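The values are calculated or read from the model by the stated rules, or taken from the named source; none is laboratory data. On a predicted model such as this, the values are computed, not experimentally measured, just so you know. Heads up, the Cβs are rebuilt from the backbone with ideal geometry, glycines too, and the neighbour counts pull from every protein chain shown.
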Amino acid sequence: MSDRWAHVSQSPTRSDADQARALTADDLFGTTAPAASPLDERLRQAYFWLVNSAIISPFYDVQFSINGPLSYEVGDAGAQLQLGTDQSYSSNVLLPLLTFAVGGRCLLIGGPGRGKTTLAVLMGVLAGSASEEVRRHVVQGQPQLTVSDLIGTPLPRDLIEAESLNDVRIAWRSWLSQPVKIIDEYNRIPTKTQSALLTMVAEGYVESYDQSLSTAGDSGIDSWYFTANDDAGGGTFPVIQALRDRMDVTVSALGFNSRFLDELISRVEAGDRPEDNLPSELVFATEDRRTMAKQIRALPVPVAVRRRLSYFASHFEFAQHGGRTFEYRTKDTVATAGADVGEVIDRNSGADLEVDPGSQTTAGISVRALLVLVHYAKAMAWFRGEPEVTEADVAAVLPFVLRGKMLPNRSHPRFDGDADRELALDSVAWLGDLWTESVRQYQALGFEQKDGVRDLLEQSATGLDGVTAVETARRITAVESMIATIAGTGKLYGRSYDDLLALKYLHQRYSSYRRWLESSAR
Amino acid sequence: MARVVGPMIAFPGSAVDAADALDVAAVGARPIADALLESTVPRLREWGGDPARYRVALSRGQHAMGTALDLEDPEAIRSLAVVAGWRAGVLDLRNDAITRAASLPEPVTAAALGLAVERLAGFLVAQGSDPFAWPDQEPGTVIARIGGFRGLGGRWIAPPRDPAPIGIGRFRVICGDATWVIRADVFGSSIVPADEEQATSPAVSGGGVDAVVTTSYLVDLVRRA
């Protein structure tokens, strides 16, 4: 391998440890076993190899800062260049790498020739597969792709001789057992075949003639990469919503910075490809991937971050005129009825659309999206070597997780004004802005210090053992009083909607318990 | 001795590498035929050494023997590898390399280090007290350029300032809000975050070498006049 590719960032890439230690021949020849780098350090080394040697991505759009970024106003059209003051990252490399770590699903979008497939192939090579093998197993989306092309066919002899479906063996396609699966141009796959793909992506197995095959392989961790030229779900065939929704993160393949042309010229001259030159120490074995996924899941989410996340999620489900029954006053009720969510939001006259983040979207955040958000926030914190998830980690991954799932309400006045018109096009900036605004409101409303609904829920969470009838009645009164307070505020917003339903849950619980106490006493 | 002259764009590196950098990059790209020696390359790379320079230093040392080193003398192979590793920039091999240099024939050690044989003894003696010693080093010579912008593979996200020596072969610099320690010798360097003591200890003599900032993200180690 040419040593042009061989530079691996020196450890520590983030650790604070001074590594001065006298080395001897025993260390050099391995008589003393060298300490293996921790897995998060190796993943960081992989990241730096990718951005410095493989993809050449001098972008830092996933920004972290200590005491705020440096900002420069550029030009006369309101453009701002921000410089992160802590280690920042390139989204088009970081998010696929985090997907590799957690065994997720990543959709790479962008025009042709921007390195989407190359990046996905590099993830396959990181998992230990040879580059030719990875490329051979890329599933190429095309209008004639059938379900059999995708998953395999029954063995002809078994079809003739079998007396039951169980006896028919399937020649499964070999790509199904790869640790990293790549589907190129998934929006060129016919709808029927997309449905077969959905089962694999959603459930982790594939089925044919009553035979099934797990796609997760030995490690139990399989990562999927899809590519498409646009994000709107269009293409030769529209992407079915259920499949689109299964994409954990959506990332744009960023363009090439012309100042780095020399490296491209060197590659043309040498005939080199990055996937053929991955340093061996960056490969992750099956056990490494399992351990990595386990460490990520174990990373704690502190209470302060949970509260901000909970507050953020509360904005988006509610639609005042979405239904009559309180529980059905939601955007989902409107959407499943085939009506226009934006129009229904507009009918909420008197509501301050400027301060209500919920009015900017046409859908709420699904449970699946929330699970993915928490998972990727953990992966982000683990990648950065943090002991727990921080607010900055959530902010970093949120736009990529919710992109394509939480869509803008284009009739919202925000997208008409000159100042924010581009947010209708730049969903990453828009989603990031929603989070920032939500956190600002959370702090401005003082919920950190005082949150009556939270106090009642925490009290309930301690259980009902030993709670007397008198105490139960007192708690029911407290719940009813809180409901009256919220109801008296006039206009209802998403955050209050979730609170009222939670209070209804408490009321129901205590009421049932009180009836039980009374019947036990007779 | 070749100087690390500043072109329009300066790169980190040691001056002693400048003269044959292109040859080393071309020749050192090929794996070593001996599997045992080639197996040491990943470790060397992890310690910050230059694999190409390592392979070339090993090759030069072997050729200086006239024939391949006797494989029945594994200790000689280990000694040559340690010397070559030090030459390739692994700072932490320095002590073992200087010790083992005495056990190898002078032409072998000199070839591995890239020195004329008659200069070797003086070099090893000088290295006992000065990790930057090198024959014919004039005052004002730039011995090494260290650092770099993190976005281009370096360590720092802010330009270094206020460089100060804190020991022989050790210098402290401040980049933004962070304080770093540079460890260096004539062949290599490493940069690590400073601990509390290093961040606040007073500056001491740098042993005849000063650290100066002449470009935006690099620190030059310069032989004092």
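Observations
- Residues that are surrounded by fewer than 15 Cβ atoms within 10 Å (Cβ to Cβ) and either in a helix (DSSP H, G or I) or touching a helix residue (DSSP H, G or I) at 6+ places or on another chain (Cβ under 6 Å) (or both), drawn from the stretch A:292-308: A:Lys294, A:Arg297, A:Ala298, A:Val303, A:Ala304, A:Arg306
- If you go through the stretch A:342-396 and pick out every residue that is part of a helix (DSSP H, G or I) and farther than 27 Å from A:Pro96 by Cβ, you end up with 9.
- When each of B:Gly85, B:Gly151 is tested for being without any contact (Cβ under 8 Å) to a residue 60 or more places away in the chain, surrounded by fewer than 20 Cβ atoms within 10 Å (Cβ to Cβ), within 11 Å of chain A (Cβ to nearest Cβ) and under 26 Å from B:Leu218 (Cβ atoms), the lone residue that passes is B:Gly151.
- Which numbered condition A:Asp218 misses (of (1) assigned to a loop (DSSP other than H, G, I, E, B); (2) out of contact with any helix residue (DSSP H, G or I) (no Cβ under 9 Å at 6 or more places or on another chain)): (2)
- Count of the stretch B:188-203 residues which are away from every other protein chain (no Cβ under 12 Å) and in contact with a strand residue (DSSP E or B) (Cβ under 6 Å, 6 or more places away or on another chain): 2
- Checked against (1) at pLDDT 90 or above; (2) of a type outside the set (Val, Ile, Thr); (3) closer than 20 Å to A:Asp86 by Cβ, B:Pro165 passes all but condition (3).
- Test: A:Tyr376 is surrounded by 19 or more Cβ atoms within 10 Å (Cβ to Cβ) and farther than 21 Å from A:Lys504 by Cα: yes
- Residue check, B:Ala52 in a helix (DSSP H, G or I), over 30 Å from B:Gly154 (Cβ atoms) and of a type in the set (Gly, Ala, Ser): no
- Unique match (being among the hydrophobic types (A, V, I, L, M, F, W, C), under 27 Å from B:Val24 (Cβ atoms) and within 14 Å of chain A (Cβ to nearest Cβ)) among B:Ile166, B:Ile157, B:Ile146: B:Ile146
- Any chance A:Gly104 is of a type outside the set (Ser, Thr, Tyr), within 13 Å of another protein chain (Cβ to nearest Cβ) and either over 30 Å from B:Val82 (Cβ atoms) or surrounded by fewer than 18 Cβ atoms within 10 Å (Cβ to Cβ) (or both): no
Conditions tested, residue by residue: (1) at pLDDT below 90; (2) polar (S, T, N, Q); (3) part of a loop (DSSP other than H, G, I, E, B).
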{"residue": "A:Asp26", "(1), (2), (3)": "yes, no, no"}
{"residue": "A:Gly30", "(1), (2), (3)": "yes, no, yes"}
{"residue": "A:Asp40", "(1), (2), (3)": "yes, no, no"}
{"residue": "A:Phe48", "(1), (2), (3)": "yes, no, no"}
{"residue": "A:Pro58", "(1), (2), (3)": "yes, no, yes"}
{"residue": "A:Glu73", "(1), (2), (3)": "yes, no, no"}
{"residue": "A:Gln82", "(1), (2), (3)": "yes, yes, no"}
{"residue": "A:Asp86", "(1), (2), (3)": "yes, no, yes"}
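- Residue in the stretch A:6-24 that is under 24 Å from A:Arg259 (Cα atoms), surrounded by fewer than 22 Cβ atoms within 10 Å (Cβ to Cβ), of a type in the set (S, T, N, Q) and modelled with pLDDT of 75 or more present: no
- Single condition B:Gly48 does not satisfy, out of (1) more than 12 Å from chain A (Cβ to nearest Cβ); (2) at pLDDT 85 or above; (3) touching a strand residue (DSSP E or B) at 6+ places or on another chain (Cβ under 6 Å): (1)
- Any hit, the stretch A:108-117, residues being at pLDDT below 85 and more than 13 Å from every other protein chain (Cβ to nearest Cβ): no
- Residue match in the stretch A:291-312 (condition: more than 26 Å from the chain's Cα centre (by Cα), within 30 Å of A:Arg136 (Cβ to Cβ) and among the hydroxyl-bearing types (Ser, Thr, Tyr)): no
- Scanning the stretch B:26-40 for residues that are outside any loop (DSSP other than H, G, I, E, B) and either touching a residue at least 40 places away in the same chain (Cβ under 8 Å) or buried (at least 23 other Cβ atoms within 10 Å of the Cβ) (or both) yields a count of 2.
- Selection of the stretch A:302-337 for residues being more than 21 Å from A:Leu398 (Cβ to Cβ) and not β-branched (Val, Ile, Thr) yields A:Ala319, A:Gln320, A:His321, A:Gly322, A:Gly323, A:Arg324, A:Phe326, A:Glu327, A:Tyr328, A:Arg329, A:Ala335, A:Ala337.
- The number of residues in the stretch B:169-225 that are modelled with pLDDT under 90 and among the basic types (Lys, Arg) comes to 1.
- Wholly enclosed helices (runs of 4 or more DSSP H) of the stretch A:116-174 bearing at least 2 residues of a type in the set (Ser, Thr, Tyr) and within 30 Å of the chain's Cα centre (by Cα): A:116-126
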